[in-house]
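The values are calculated or read from the model by the stated rules, or taken from the named source; none is laboratory data. This structure is a prediction, so every number in the text was calculated from the model and none was measured. No Cβ is skipped: glycine too gets one built from the backbone with ideal geometry, and neighbour counts run over all protein chains shown. Calculation scope for accessible area: heavy atoms of the full protein, side chains included, ligands and nucleic acids excluded. Shrake-Rupley method; radii C 1.70, N 1.55, O 1.52, S 1.80 Å.
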Amino acid sequence: MTDAPAENLYRILPLEGGLTIYSATEHMQLLTQALASDVEVELDLGAVDELDCAGLQLLILAKQEAARMNCDLRLTNHSPAVIEAFELSGLGTFFGDPILIKPASE
């Protein structure tokens, strides 16, 4: 058994702004630094306001890399832009994370 501090076993990584071809390199570095063996990582997508094909590819790569590393990666708090991209691409089930649909503001 390891004596690793508990704060290193669970990480929340909030992503914000556009997850697009223009920011893919920056986000890829962030994600690769966050992923580690036997760690739980939660990607909070609530502030993502744009998601294109490059962003989708990055999320796919992160999910596959996490699985390879035995890292539990979850996508949470899906923004409307993320939900729309998942619906258009049909990738919602690929990630396997529950998507909570929020009621429209009145």
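Within the stretch 18-41, residues that are open to solvent by 60 Å² or more (accessible area, probe 1.4 Å) have Cβ atoms under 8 Å from residues that are in a helix (DSSP H, G or I) in these pairs: Ile21/Cys53; Ile21/Ala54; Ile21/Gly55; Met28/Leu58; Met28/Leu61; Thr32/Glu65, counting only partners at least 6 apart in sequence or on another chain. Evaluation of Gly46 against the conditions (1) in a strand (DSSP E or B); (2) in contact with a Leu (Cβ under 7 Å, 6 or more places away or on another chain); (3) not acidic (Asp, Glu) shows that the sole unmet condition is (2). In the stretch 71-92, the residues that are closer than 21 Å to Val41 by Cα and touching a residue at least 24 places away in the same chain (Cβ under 8 Å) reach residues that are assigned to a helix (DSSP H, G or I) and charged (D, E, K, R) with C-beta atoms within less than 7 angstrom, at least six apart or across chains, in these pairs: Leu73/Lys63. The residue of the stretch 5-17 that is surrounded by the fewest Cβ atoms within 10 Å (Cβ to Cβ), among those that are in a helix (DSSP H, G or I) and not hydrophobic (A, V, I, L, M, F, W, C), is Glu7. When the stretch 63-96 is filtered for residues that are over 24 Å from Asp38 (Cα atoms) and among the charged types (D, E, K, R), the ones remaining, listed by number, are Glu84, Glu87.
Against the definition (surrounded by 13 or more Cβ atoms within 10 Å (Cβ to Cβ), without any contact (Cβ under 8 Å) to a residue 60 or more places away in the chain and touching a Ser or Thr at 6+ places or on another chain (Cβ under 7 Å)), how does Glu65 come out, yes or no? No, not satisfied.
Look at the stretch 45-59 and say how many of its residues are of a type outside the set (Gly, Ala, Ser) and open to solvent by 40 Å² or more (accessible area, probe 1.4 Å). Residues flagged as of a type outside the set (Gly, Ala, Ser) and open to solvent by 40 Å² or more (accessible area, probe 1.4 Å) within the stretch 45-59 amount to 5.
Counting only residues that are in contact with a Leu (Cβ under 7 Å, 6 or more places away or on another chain) and hydroxyl-bearing (Ser, Thr, Tyr), the stretch 77-103 holds 2 of them.
Can Ala85 be described as surrounded by 14 or more Cβ atoms within 10 Å (Cβ to Cβ) and not in a strand (DSSP E or B)? So Ala85 fits the description; yes.
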